[in-house]
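This report refers to the structure that appears directly beneath it.
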Amino acid sequence: MPISTPAEPRQSAEPQGTYPLVVVSNRLPVDHEVNPDGSDAWRTSPGGLVTALEPLMQASDGAWVGWPGVADRSFDPFEKNGISIIPVRLSALELEQFYEGFSNDTLWPLYHDVIAPPSYHREWWDSYVAVNRRFAERAASAAARGATVWVHDYQLQLVPRMLREARPDLLIGFFNHIPFPPYGIYAQLPWRKQILDGLLGADLIGFQRVADAGNFSLAVRRLFGYPTRGVAIDVPDAAGSRRVIAKHFPISIDAASYEALARRPDIQERARQIRADLGNPGTIMLGVDRLDYTKGIGHRIKAFGELLEDGSLSVEDVTLVQVASPSRERVGTYMALRDEIELAVGRLNGDYSTISHTAISYHHHGYPREEMVALYLAADVMLVTALRDGMNLVAKEYVAVRFDGDGVLVLSEFAGAADELKQAILINPHDIDGVKAAILRAIAMPQNERTRRMRALRRKVFDNDVAAWSASFLRTLTEGAVVRAGVPDKLAEALREISGAPTLLVALDFDGTLAPHVDRPEEARAVAGTREAVQRLLDLPGVRVAFVSGRALVSLQHVAQPQSDVLLTGSHGIEVQLDTPEIELDLVAAELEQLDALAGVLDRIAGTTSGTWIERKPAGLALHTRLATPQDGLAAQRQAREQTEQLLPGLTIREGKNVLEFSVRASSKGDALARLRDHTGADRVLYAGDDVTDEDAFAVLREGDIGLKIGPGVSLAGYRVRGPGEVTEVLRLLADFRAGASDSAT
């Protein structure tokens with residue numbers, strides 16, 4: 001999809017380029033080669049990221065910024081396969097300090113749960129900052145006004161903030177390809193706040209797993225105190241606050257291309273030859289990894305060795321093929337790991353190999369993709385025993401290749417792929433007995449079970465391939481950049497489809513959705529025509545309408561003046577009025593005590609800070625700082641947050657513009673929507689909202705539902721419109737479709 005740019009981009013004093021889409025990564029999508037005559041040549045890299053982004057960048061006239069893989073050499077920009085290539089020069093010293101040092105001997109082990117001890121050196125950090133700034137400068141000079149810039153991976157975590165400071169007009173995304181560690185581990189990093197601040201320069205931060213995104217948000221709360229709501233983080237800026245989304249987008253592979261290779265007769269013949277060369281054992285097990293301490297290679301060798309030792313397996317029946325491609329061979333930890341693995345392989349082969357059968361066929365080098373596909377076809381069991389892995393695409397490659405429906409995947413639960421590939425045999429690689437049991441189970445698995453599992457695995461891999469991954473990330477990032485007037489055609493099509501549901505729930509936020517935002521909240525009113533559109537829906541059989549608000553219900557009733565049939569939820573779901581005349585709010589004694597304690601804290605703060613006041617709500621209180629000076633307001637909010645977290649650690653805290661809201665009962669609009677769905681028995685739901693709190697509701701929508709975001713900004717909603725006027729138009733259109741469907745049925 002071509003990349004759109006904002007209609008009114010923010011101003012920038014920096015020089016601007018011409019590219020509407022700029023990708024920034026440590027390495028370019030091309031590898032440098034030298035021709036026989038000494039001239040430079042460039043070969044397209046075979047990686048999945050290149051495969052995913054190449055068509056998009058060609059359609060969008062995109063540019064790729066990265067290091068060309070050669071130290072101490074400068075290259076002019078050039079074009080390759082329809083993509084503009086912008087090389088960034090790195091010196092040999094910078095490779096040592098920025099790449100081998102800070103990136104791979106500080107961040108890599110830290111982010112992989114300190115499986116190996118990280119090293120902290122200030123000169124490495126200084127180099128990391130300098131190189132990140134160079135990448136940011138090249139991207140800033142290449143990007144057109146209002147362009148989209150997508151930054152990749154842990155080597156460049158400072159680039160988003162540097163870009164935002166240089167070019168505030170840009171839309172910035174970041175994707176972290178490796179895990180993000182729990183706070184207790186991350187907090188060890190001396191430059192922990194600088195890294196977080198660098199990442200928070202982005203509009204959208206993508207992670208491999210839900211847990212990684214959660215770890216990041218927790219670190220932001222602990223170190224900065226910024227409010228987080230689900231996947232949304234409110235980051236203060238000169239305009240008040242800016243919304244950042246931190247969400248998981250599990251990466252994948254070009255599954256179709258792997259299957260196409262596997263179907264080639266020459267590769268199938270090569271697979272048969274591999275089995276013959278190994279002595280045609282009954283079972284071939286395969287491990288394919290970079291030689292890295294995170295991959296658990298030693299654990300699988302140990303488990304296999306014990307199975308040979310206790311007689312559960314024999315080398316005549318089972319062979320393990322281990323491909324361990326070279327990695328970071330100048331880093332001491334990796335040198336020691338190679339020695340350790342090769343010693344273990346040698347000992348096991350010496351103890352158990354025979355003249356005709358080798359226990360482990362070990363290969364310390366990489367192979368072209370065709371040879372890897374042949375190995376996947378030849379292998380009966382794929383062993384992925386990573387101790388910590390962002391995703392592990394090898395697992396997905398094995399599944400994509402097995403068009404024959406055979407093969408068994410044994411997969412570590414600590415690899416990101418385990419979140420999706422649940423029909424694999426999942427293991428804890430630290431549990432050697434458990435790994436041994438999984439190996440025996442995989443070898444003995446009946447054909448029908450192997451086929452059933454592999455069919456399910458293949459559906460998951462092919463439905464969520466690398467093209468779907470990149471499209472999902474960029475759609476989430478870019479669709480909030482510009483919102484046109486009217487109802488988009490795709491939204492109209494979705495409304496037509498949902499209108500035929502037996503029971504339809506239309507759930508609507510109020511402020512910013514049905515009513516424009518106003519300075520005095522008590523004066524908010526829905527735009528003209530909204531009440532009539534709601535009534536048309538209420539008059540149709542099988543349709544329920546609900547208002548879902550952060551306001552107290554008394555306030556919502558005052559400003560919305562809802563019809564009696566409209567279901568109401570207020571205070572982010574804490575108050576409800578569902579087909580009853582009374583408002584339901586059942587605070588227990590402990591919650592009432594918390595309210596009293598909270599009131600004491602906030603009253604003391606408001607009493608000593610000019611321009612602040614307390615708003616009392618049914619299940620909480622809000623500290624308003626709009627009339628205080630910016631410095632006093634921030635200080636009052638910081639003091640309130642610190643004191644309440646110490647005294648009442650279970651409180652729910654939400655931050656808005658010049659307001660900090662505390663609730664004694666944890667609830668969200670997502671909880672409210674789930675309750676409304678249960679109450680109405682709705683088959684389909686339309687939810688519309690404009691605020692960060694509405695993201696909780698979008699997050700609980702199901703397949704076939706419609707999430708409608710009002711206005712710009714990154715969102716989980718599948719559709720968006722410009723403002724409340726369009727929402728009324730959407731309600732009318734839905735009523736037309738529903739009425740038409742009813743007429744057709746009669």
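The values are calculated or read from the model by the stated rules, or taken from the named source; none is laboratory data. Note that the structure is a prediction, hence the values are computed from the model and not measured. Every residue, glycine among them, receives a Cβ derived from its backbone with ideal geometry; neighbour counts consider all protein chains shown. Just the protein is used for accessible areas: all its heavy atoms, side chains included, with ligands, DNA and RNA removed. Shrake-Rupley method; radii C 1.70, N 1.55, O 1.52, S 1.80 Å.
Some values worked out for this structure:
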| quantity | calculated |
| --- | --- |
| Separation of the ASP603 and LEU634 label points, Cα + 7 Å toward Cβ, nm | 3.0 |
| Distance between region 45-80 and region 260-320 - C-alpha centres, whole angstrom | 35 |
| Per-selection Rg to Rh, region 406-531 - Cα, Kirkwood hydrodynamic radius | 1.22 |
| Computed P(r) (all Cα pairs; region 207-257; 5 Å bins; percent) | 5, 20, 24, 19, 12, 8, 6, 4, 3, 1 |
| DSSP-defined beta bridges in region 332-482 - what % are antiparallel, rounded to 5 | 0 |
| Computed lengthening from HIS558 to ALA471, 0.36 nm per intervening residue step minus Cα-Cα distance | 27.0 nm |
| Measure of compaction for region 676-746 (Cα Rg per 2.2 N^0.38 Å) | 1.21 |
| Folded to 0 to 90 degrees: helix 630-647 orientation relative to the chain principal axis, Cα | 70 |
| Longest to shortest principal axis, alpha-carbon extents of region 234-366, angstrom | 75, 40, 31 |
| The chain: antiparallel DSSP beta bridges as a percent of all, rounded to 5 | 35 |
| Exposure rank, largest accessible area first [MET335, MET445; 1.4 Å] | MET335, MET445 |
| 5 Å-binned pair-distance histogram of region 171-262 (Cα, whole percent) | 3, 13, 23, 23, 15, 8, 5, 4, 4, 2, 1 |
| Separation in nanometres of the label points that stand 7 Å from Cα toward Cβ, at SER74 and GLU340 | 4.3 |
| Overall dimensions of region 454-607 by Cα: Rg and Dmax, Å | 21.3, 66 |
| Rg over Rh, two decimals, the chain (C-alpha only, Kirkwood Rh) | 1.00 |
| In nm, spacing of pseudo-spin labels at GLU371 and ARG702 (7 Å Cα→C-beta vector) | 5.0 |
| Full-extension gain in nm, GLU306 to ASN349, via 0.36 nm per residue minus C-alpha separation | 14.2 nm |
| Segments 637-643, 247-253, 698-704 sorted - mean Cβ within 10 Å per residue, highest first | 247-253, 637-643, 698-704 |
| Förster radius 45 Å - calculated FRET efficiency between SER610 and ALA589 (Cβ-Cβ, nearest 0.05) | 0.80 |
| Proportion of all alpha-carbon pairs of region 332-481 beyond 27 Å (%) | 32 |
| On Cα atoms only, tilt of 297-309 relative to the major axis of the chain in degrees | 60 |
| For region 91-220, the spread of Cα positions along each principal axis, largest first, Å | 43, 37, 20 |
| Per-pair calculated FRET efficiency, R0 = 30 Å: ALA59 and PHE224 via Cβ, rounded to 0.05 | 0.20 |
| Additional length obtainable on full extension of the chain from LYS193 to ASP678, 0.36 nm per residue less Cα span | 170.3 nm |
| Formal net charge of residues neighbouring GLU33 (Cβ-Cβ distance under 15 Å; K, R +1; D, E -1) | +1 |
| From the C-alpha gyration tensor of region 573-731, square roots of 5λ in Å | 32, 21, 13 |
| Largest-first principal axis extents, alpha carbons of region 269-313, Å | 33, 30, 10 |
| Per-residue [θ]222 nm for the chain (sum of -39500 (n - 2.57) over DSSP H runs n ≥ 4, rounded to 500) | -12500 deg cm²/dmol |
| Computed FRET value (nearest 0.05) for ASP433 with GLN273, which takes r as the C-beta separation and R₀ as 35 Å | 0.50 |
| Region 305-389: Cα Rg divided by the 2.2 N^0.38 Å rule of thumb | 1.20 |
| More than 16 angstrom apart: percent of Cα pairs within region 112-186 | 56 |
| Peptides ranked, highest mean first, by Cβ atoms within 10 Å: ranges 135-142, 300-307, 337-344 | 135-142, 300-307, 337-344 |
| Region 294-373, accessible surface, carbon-and-sulfur percent (1.4 angstrom probe) | 50 |
| Long-range Cα-Cα pairs in region 419-463 (distance over 14 Å), rounded percent | 56 |
| Crossing angle, helix 447-463 versus the chain [Cα axis fit, 0-90 degrees, rounded to tens] | 60 |
